[in-house]
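I have placed the structure first, in the form of structure tokens, so that the comments after it can refer back to it.
The values are calculated or read from the model by the stated rules, or taken from the named source; none is laboratory data. The shown structure was predicted, so the numbers you read here are calculated from the model rather than taken from an experiment. Every residue, glycine among them, receives a Cβ derived from its backbone with ideal geometry; neighbour counts consider all protein chains shown.
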Amino acid sequence: MSHPCLSCGACCAHFRVAFHWSEADPFVGGRTPAALTEQLDPHRVVMRGTQARAPRCDALAGDIGRAAHCTIYEQRPSPCAALQPAWETGTPSPQCDRARQAHGLAPLTPADWTGLAEIA
Ligand code: SF4
Ligand code: SF4
């Protein structure tokens with residue numbers, strides 16, 4: 001059994017991912033690659049691809065609902081780090097549910113995490 005996000009990726013192709021420009025500016029300690037962002041307003045940038053009518057982050061690799069992963073996982077911006085997969089820590093996640101539903105995927109359940117800790 002692998003981490004449910006690795007066979008999903010739906011949230012990376014559903015929301016506009018906007019965050020403060022400093023997260024993509026190495027001169028002030030930002031880690032997200034600036035080349036993968038674009039300006040949204042004077043204070044915020046977005047991950048490229050997530051403003052589209054059918055959003056899909058440029059940093060996402062793979063096929064949604066089959067095998068997908070973030071190519072900049074360690075440098076992903078704060079909204080991505082904040083989005084919790086449903087039931088990973090025993091709590092629901094309406095954002096996760098909404099993104100999965102938009103891609104025709106059933107919401108995660110607590111059972112999706114059973115056994116994961118043992119093999120991690
Ligand atoms: S929608 Fe939920 S399960 Fe899918 S990648 Fe995002 S957090 Fe993970
Ligand atoms: S930066 Fe990574 S985690 Fe965030 S939306 Fe893009 S692919 Fe998903």
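Observations on the model:
- Selection over segment 8-44 of residues that are surrounded by fewer than 18 Cβ atoms within 10 Å (Cβ to Cβ) and over 16 Å from residue 75 (Cβ atoms) gives a count of 9.
- Residue 104 falls short of the stated requirement of being assigned to a loop (DSSP other than H, G, I, E, B), modelled with pLDDT of 95 or more and surrounded by 13 or more Cβ atoms within 10 Å (Cβ to Cβ).
- Residue selected from segment 77-107 under the condition within 15 Å of residue 6 (Cα to Cα) and touching a Ser or Thr at 6+ places or on another chain (Cβ under 8 Å), by the criterion farthest from ligand 2 (Cβ to nearest atom): 86
- Meeting the requirement of 2 or more residues that are closer than 26 Å to residue 114 by Cα and without any contact (Cβ under 8 Å) to a residue 60 or more places away in the chain, the strands (runs of 3 or more DSSP E) wholly within segment 1-93 are 60-63.
- Qualifying residue in segment 74-83 (condition: over 30 Å from residue 29 (Cα atoms) and surrounded by 14 or more Cβ atoms within 10 Å (Cβ to Cβ)): no
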